[in-house]
Structure formats: C-alpha cells, structure tokens
Amino acid sequence: MSPLTPTPTHALSHQAPALSGCLSKPHIAAAFAEDATVRELGAGSIEGVLHEPADRSRVVLGLHNPSATEARINLSALLPERADGTWRFLSGSMHTSDATDGMYVHLDAAGTTWLTAAS
C-alpha cells in the first residue's frame, strides 16, 4: 500500500500500534484481545478506532488521516467522555496543539498515530 493510499477504518480496527515493545505491555495488549470492545469513530476526514479491554482499565485510540493534506482533530470533541484524561503517545507521527476547547491532534497527510489513556 502506498503512503497516500487510504486505510479504511475497518482495516485500522484490526491493526495494532507499530511501536516495538508496545504490545508487550499487558494493558495495551488487553485492548487488542478477543474480548476487547472495538468502536469505529469518524470525524470529518479523520478515521478512528477505539480499543477498550474487557476490564475497561485503558483505551487505545488509532487515528488515520486518509487525505493528501495535514488534518487535525479535537480529542475532546471526538471523545467527550475522555475530555479530562491524559493521552500518551504510542506510535505513529503527529503533533498536538492546545486550544480553549481542548487538545488537537495534527496528522500528516496519510498519517496514522496511536494514543492511549487510562480510564
């Protein structure tokens, strides 16, 4: 797949973060177990997927920008139930900015990133 080929959200839901050693952490691996809840998200041009382990201790969020230009998304608007949470970077490529209405994640063209937050 070329870097500019869109990754469908349903494909993103079956991928795992590409950071070496990341999936060896039990709380991250649990988010990709068979009994985990997987919810597809969409906000404008951004495709997303939220993985939550059965014990609901942590979530893992995958975001993909299928467009040929940078895109940004407000995490507080995407997941208002986690607006007060602290997100940690797992893998991919992104940068963030803060605004009065929450934290924005900026994704490069065709970029994908993975984040995690405790419940």
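The values are calculated or read from the model by the stated rules, or taken from the named source; none is laboratory data. Keep in mind that what you see is a predicted model, and the values were worked out from it rather than measured. We place every Cβ from the backbone using ideal geometry, glycine too, and count neighbours over all the protein chains shown. Ligands, DNA and RNA are excluded from the accessible area calculation, which covers all protein heavy atoms including side chains. Shrake-Rupley method; radii C 1.70, N 1.55, O 1.52, S 1.80 Å.
Taking every protein chain into account, the accessible area of the range 50-99 amounts to 51 square angstrom per residue (probe 1.4 Å). With Cα atoms defining each centre, the range 67-89 and the range 28-54 are spaced 14 Å apart in the structure. Listed values for the range 34-47 are Karplus-derived 3J(HN,Hα) couplings in whole Hz (6.51 cos²θ - 1.76 cosθ + 1.60, θ = phi - 60°), namely 4, 8, 6, 8, 10, 10, 7, 10, x, 8, x, 8, 7, 9, and x replaces Gly and Pro.
Rounded to whole numbers, the Karplus 3J(HN,Hα) couplings from phi for the range 54-63 are 4, 7, 6, 6, 7, 10, 10, 10, x, 10 Hz, using 6.51 cos²θ - 1.76 cosθ + 1.60 with θ = phi - 60°, and x at Gly and Pro.
If R0 is 25 Å, what FRET efficiency do you get for residue 39 and residue 83 from their C-beta distance, rounded to 0.05?
Numbers: r = 17 Å, r/R0 = 0.67.
So the FRET efficiency works out to roughly 0.90.
At 1.306 mPa s and 10 °C, plugging the Kirkwood radius over alpha-carbon pairs of the range 12-117 into Stokes-Einstein gives what diffusion coefficient in µm²/s? The diffusion coefficient I find is 115 µm²/s.
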